[in-house]
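Structure first, then comments.
The values are calculated or read from the model by the stated rules, or taken from the named source; none is laboratory data. Fair warning: this is a prediction, and the values are worked out from it, not measured in the lab. Note that each Cβ is placed from the backbone with ideal geometry, even for glycine, and that neighbours are counted across all protein chains shown.
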Amino acid sequence: MDSLTEPMKLLFVADLHYTLKQYDWLITNASGFDAVLIGGDLLDLASALDLETQIVVIEKYLERLSRDVPLLVSSGNHDGDGRNAASESICGWLREAKEGRLYVDGDSVELGTTLITICPWWDGPETRDEVEKLIVRDAARTKDKWIWVHHAPPAGSPVCWSGRQSVGDEILTDWIQRFSPDFVLSGHIHNAPFYSDGSWIDRLGNTWVFNVGRQIGPQPTFVILDFEAMTARWIATDDDVTRDLTSPAAALSDS
């Protein structure tokens with residue numbers, strides 16, 4: 001486990017999908033935060049570029065970003081570059097890139113009294129069990145705030161609304177009910193924050209859950225967690241919304 005300075009402001013993004021202008025935006029803005037978190041799908045399986053080329057480029061971006069700020073990165077379903085013995089997708093390249101202030105799948109990072117658990121993308125029972133063991137291990141640790149970075153959002157929440165149905169991770173919802181983390185940061189369902197029946201923020205029991213969403217263009221959608229003001233702010237091209245994290249009812253109202 002690594003220990004760093006207590007964070008006041010965290011920047012969270014996800015689903016960059018090899019959009020290099022959005023990585024450039026991160027490099028320009030990262031130094032204004034105490035840590036940057038990326039919630040999976042760094043690569044893009046639909047790209048004309050092969051994954052090996054994408055990996056080389058993104059590794060350079062991650063190395064550059066982590067020079068300026070602690071960088072915590074989880075994998076998503078687009079990031080796998082291999083298979084385990086059970087033929088489940090795994091993201092070996094990201095773990096191999098871990099160095100310095102770059103923290104990746106399976107890492108537990110202490111930012112002062114805040115503990116951040118970086119959950120790998122799971123593709124079947126073996127990789128799912130690895131995530132559960134990670135969560136069980138971190139549940140026993142002393143912390144004031146507990147944050148999970150997990151690519152898929154939880155089921156049973158508007159943050160997983162696809163426009164037609166809820167498509168969240170039921171196992172994640174079970175884990176949230178069992179372990180009650182303070183925050184779960186996700187992506188994966190790109191348009192959930194933009195639908196009237198969807199959202200970028202919700203409250204499941206005692207846990208704040210987020211889906212940052214995805215947009216085209218040079219700036220990613222992003223969430224700023226400000227632990228001094230105890231607010232969460234979501235910014236997209238046509239949206240800028242702040243919620244009060246001291247009030248559970250804030251999950252349902254704009255400010």
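Data for the structure
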quantity	calculated
Sole residue being buried (at least 24 other Cβ atoms within 10 Å of the Cβ) and hydroxyl-bearing (Ser, Thr, Tyr), chosen from Thr237, Thr221	Thr221
Options Asp138, Asp105; residue that is in contact (Cβ under 8 Å) with a residue 24 or more places away in the chain, acidic (Asp, Glu) and closer than 12 Å to Ser74 by Cβ	Asp105
Selection from the range 91-118 of residues that are polar (S, T, N, Q), crowded, with 19+ Cβ neighbours inside 10 Å and over 16 Å from Val131 (Cα atoms)	Thr114
Candidate set from the range 163-180 (those that are of a type in the set (Gly, Ala, Ser) and surrounded by fewer than 16 Cβ atoms within 10 Å (Cβ to Cβ)); member that is farthest from Trp121 (Cα to Cα)	Gly163
Residue that is farthest from Val73 (Cα to Cα), among those in the range 209-231 that are part of a loop (DSSP other than H, G, I, E, B) and among the aliphatic types (A, V, I, L, M)	Ala229
Residue ID - nearest to Ala232 (Cα to Cα), chosen from residues in the range 170-188 that are assigned to a helix (DSSP H, G or I) and in contact (Cβ under 8 Å) with a residue 24 or more places away in the chain	Ile176
Residue match in the range 241-250 (condition: of a type in the set (Ser, Thr, Tyr), in a loop (DSSP other than H, G, I, E, B) and more than 16 Å from the chain's Cα centre (by Cα))	yes
Residue within the range 120-132 that is modelled with pLDDT under 95, assigned to a loop (DSSP other than H, G, I, E, B) and out of contact with any Lys or Arg (no Cβ under 7 Å at 6 or more places or on another chain) present	yes
Condition met for Asn206 (crowded, with 21+ Cβ neighbours inside 10 Å and either farther than 22 Å from Ser74 by Cα or of a type outside the set (A, V, I, L, M, F, W, C) (or both))	no
Selection within the range 153-169 - in a loop (DSSP other than H, G, I, E, B), without any contact (Cβ under 8 Å) to a residue 40 or more places away in the chain and under 29 Å from Arg83 (Cα atoms)	Ala155, Ser162, Val167, Gly168
The range 180-198, residues that are in contact with a strand residue (DSSP E or B) (Cβ under 8 Å, 6 or more places away or on another chain), within 24 Å of Leu72 (Cα to Cα) and not acidic (Asp, Glu)	Ser180, Pro181, Phe183, Val184, Leu185, Ser186, Gly187, His188, Ile189, Ala192, Pro193
Test: residue in the range 214-221 that is of a type in the set (Ser, Thr, Tyr), in contact (Cβ under 8 Å) with a residue 60 or more places away in the chain and closer than 30 Å to Leu20 by Cβ	yes
